[in-house]
Amino acid sequence: MKNVKKAGLALLTGMFLFMSCNNNTDKKKEAEMKEPKLKEENVTYTVDGAKDSTVYDGYVVYDENIEGKRPAILVVHEWWGLNEYAKRRARDLAKLGYIAMALDMYGNGKRADNPEDAGKLAGPFYQNPAIAKPVFEAAMNKLKSYAQADGGKVAAIGYCFGGAQVLNMAKMGEDLKGVVSFHGNLTVVPAVKDLLKADVLVCHGAADPIVPQTEVDLFKHQMDSVGAKYTFKAYNGATHAFTNPDATANGEKFKLPIKYDAAADTASWNDMKVFFGNIFK
């Protein structure tokens, strides 16, 4: 009789555990199936110790359905300045489960709507790359201040001008898990073995005349010479600015060799997702 009771108790316990596990699994699946509930915030920040009073804009977004901390991604804009495209990419990242911040490298609301003004805004960062570091760090500190941000898992992505900036930040030794450059310049700052800590993914248009093969070869040589951990992806037929749907119209309007490429856009975004999956393990 005792054995029968013990067997019955064991059966009930097993059923309870099975139902409990199933319930937890169902809750997890339910959370995963929910449409993202994006929380969007426009923020401002300044650079500590700066000699001027420049105020920088930022756009922070995350999914409120996700509880707890998550990896944090900084998004650096094209040479036009912080615009809707950079913000859209931040939202895309939030939908993947990250907290993202589209940052402002120029400050005081500076934007450009033509190549001449854009060149004037971006030019100083190519002439003196070091000026970007305190601006980038101020944005990173702002993002890390969020309770949803895992300060130990921070990465950055950038487009064109922004791609060059995130590569520069990695080469200058910023404490990042990884950076992703989409159609950015590659050799503004040389790689230094003792400084480069971040993993690097470069998403490059194989037909990009603005970042020619000579620059690609030099980049690879520099990275290989210091034993850098990087992945270089080149997308056949893709030219400069291939991820931005507005690139084709801007190229035609301003006679620039830029054009949207849907296949390369999708492929590079998927490559980024795999890259993040690896560095945030």
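The values are calculated or read from the model by the stated rules, or taken from the named source; none is laboratory data. Not measured: the values here are computed from a predicted model. All Cβ positions, glycine included, derive from the backbone under ideal geometry; neighbour counts span all protein chains shown.
Summary table
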quantity	calculated
Criterion (under 18 Å from Gly178 (Cβ atoms), among the aliphatic types (A, V, I, L, M) and touching a helix residue (DSSP H, G or I) at 6+ places or on another chain (Cβ under 9 Å)) met by exactly one of Ala86, Ala72, Ala90	Ala72
Which numbered condition Tyr126 fails, given (1) part of a helix (DSSP H, G or I); (2) among the hydroxyl-bearing types (Ser, Thr, Tyr); (3) buried (at least 21 other Cβ atoms within 10 Å of the Cβ)	(3)
Members of the range 193-214 that are surrounded by 14 or more Cβ atoms within 10 Å (Cβ to Cβ) and either in contact (Cβ under 8 Å) with a residue 60 or more places away in the chain or under 21 Å from Ala267 (Cβ atoms) (or both)	Asp199, Val200, Leu201, Val202, Cys203, His204, Gly205, Ala206, Ala207, Asp208, Ile210, Val211
Members of the range 237-269 found to be in a helix (DSSP H, G or I) and within 18 Å of Ala90 (Cβ to Cβ), listed by number	Asp265, Ser268, Trp269
Which numbered condition Gly227 fails, given (1) surrounded by 17 or more Cβ atoms within 10 Å (Cβ to Cβ); (2) part of a loop (DSSP other than H, G, I, E, B)	(1)
Tally, over the range 43-92, of residues that are among the aromatic types (Phe, Trp, Tyr) and within 17 Å of the chain's Cα centre (by Cα)	4
Pair list, Cβ under 6 Å, 6 or more apart: the range 93-108 residue in contact (Cβ under 8 Å) with a residue 12 or more places away in the chain and under 17 Å from His77 (Cβ atoms), other residue of a type in the set (Phe, Trp, Tyr) and not in a loop (DSSP other than H, G, I, E, B)	Ala94/Tyr62; Ala102/Tyr59; Asp104/Tyr56; Gly107/Tyr56
Selection within the range 136-162 - under 19 Å from Ile99 (Cα atoms) and part of a helix (DSSP H, G or I)	Phe136, Glu137, Ala138, Ala139, Met140, Asn141, Lys142, Leu143, Lys144, Gly162
Residue check, Lys144 assigned by TED's automatic domain parsing to the domain that holds Ala238 and surrounded by fewer than 21 Cβ atoms within 10 Å (Cβ to Cβ)	yes
